[in-house]
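Contents: one structure, followed by commentary.
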Amino acid sequence: MFWYEQDVQGVEKCKTLVENPKILFYGSSSIRLWDNLYRDFGEYKPLNMGFGGSTLAACIVYLERLMVGLNPDIFILYAGDNDLGDGRHPEEVLIFFKQIIIDLRKRFGNIPILYISIKPSIARFNIIDQIRFTNKIISSEIKKMDNNVYFVDIFEKMLDANRFPNRLLFQSEGLHINDKGYAIWTETIKNFMIEHKINLR
């Protein structure tokens, strides 16, 4: 996975920006491009650890390397989008998801892990059914796990009245979300954390 190396090195450098971060955001470019993340979650001392184009598989490969020296209270993950875009089957994505949860538990113990559902994007509307199914089987799997792994559903909130990805929430290329999209993510995640009493230690 040498093609991620430059981005991964960038993430390693970013680790010095926040002393003792309390909440880690990890995953693909939907995390990396969250320009207002530090403002949106400022009270949680967040650290943006997204790297462009990453799959769940890549997140597993680089997990140990990137998490060295970190001891978060909460871990938030967004990945799986690119796995499906690369042609992987939903069941493969589920396998990767299960593995990364195992790896996170080994490293960080029983901290809250929030998985953000795969978003419905305009550019990948051709695989919308696979996205729905992947979200469904990951959500079902989480219900079988310990009670500190959570599924945060942003899928439905990003659809318009016609059940199509809401263009107002996406950049012009139809794949990545804009500030309005991130505002929905922020509100949804924060409300979810309040509802489920997910707090810093």
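The values are calculated or read from the model by the stated rules, or taken from the named source; none is laboratory data. As the structure is a computational prediction, the values presented were derived from the model and not from experiment. Cβ placement follows ideal geometry from the backbone for every residue including glycine, while neighbour counts extend to all protein chains displayed.
Selection of region 40-60 for residues being closer than 18 Å to residue 117 by Cα and part of a loop (DSSP other than H, G, I, E, B) yields 51, 52, 53, 54, 55. Restricting attention to region 160-201, the residues that are under 19 Å from the mean Cα position of the chain (by Cα) and of a type in the set (D, E, K, R) total 4. Only residues that are farther than 19 Å from residue 176 by Cβ, in a loop (DSSP other than H, G, I, E, B) and not aliphatic (A, V, I, L, M) were counted across region 80-124, and they come to 6. Within region 56-64, identify whether any single residue is more than 26 Å from residue 87 (Cβ to Cβ) and touching a Pro at 6+ places or on another chain (Cβ under 6 Å), and answer yes or no. No, region 56-64 contains no residue that is more than 26 Å from residue 87 (Cβ to Cβ) and touching a Pro at 6+ places or on another chain (Cβ under 6 Å). Annotation: residue 127 fulfils all but one of (1) in contact with a Gly (Cβ under 9 Å, 6 or more places away or on another chain); (2) assigned to a loop (DSSP other than H, G, I, E, B); (3) of a type outside the set (S, T, N, Q); the unmet one is (2).
Scanning region 1-39 for residues that are over 26 Å from residue 170 (Cα atoms) and in a loop (DSSP other than H, G, I, E, B) gives 1, 15, 16, 17, 18, 19, 20, 21, 22.
Under the condition of being assigned to a helix (DSSP H, G or I) and out of contact with any Leu (no Cβ under 7 Å at 6 or more places or on another chain), the residues counted in region 149-188 number 12. Can you find even one residue in region 38-52 that is touching a residue at least 60 places away in the same chain (Cβ under 8 Å) and farther than 17 Å from residue 193 by Cβ? No, there is no match, as no residue in region 38-52 is touching a residue at least 60 places away in the same chain (Cβ under 8 Å) and farther than 17 Å from residue 193 by Cβ. Would you be able to say whether some residue in region 83-104 is touching a residue at least 60 places away in the same chain (Cβ under 8 Å), closer than 18 Å to residue 151 by Cα and surrounded by 15 or more Cβ atoms within 10 Å (Cβ to Cβ)? No, region 83-104 has no match at all. Of all the criteria given as (1) surrounded by fewer than 21 Cβ atoms within 10 Å (Cβ to Cβ); (2) at pLDDT 95 or above, the one not satisfied by residue 52 is (2).
When region 139-148 is limited to residues that are modelled with pLDDT of 95 or more and assigned to a loop (DSSP other than H, G, I, E, B), the one that is nearest to residue 200 (Cα to Cα) turns out to be 148. Residue 38 meets the conditions (1) surrounded by fewer than 18 Cβ atoms within 10 Å (Cβ to Cβ); (2) modelled with pLDDT of 95 or more; (3) under 27 Å from residue 147 (Cβ atoms) in every case but one. The failed one is (3).
Only one residue in 39, 65, 88 is closer than 23 Å to residue 129 by Cβ and over 15 Å from the mean Cα position of the chain (by Cα). Which one? Within the list 39, 65, 88, the selection yields 88. Would you say residue 77 is assigned to a helix (DSSP H, G or I) and either aromatic (Phe, Trp, Tyr) or touching a residue at least 40 places away in the same chain (Cβ under 8 Å) (or both)? The answer is no for residue 77.
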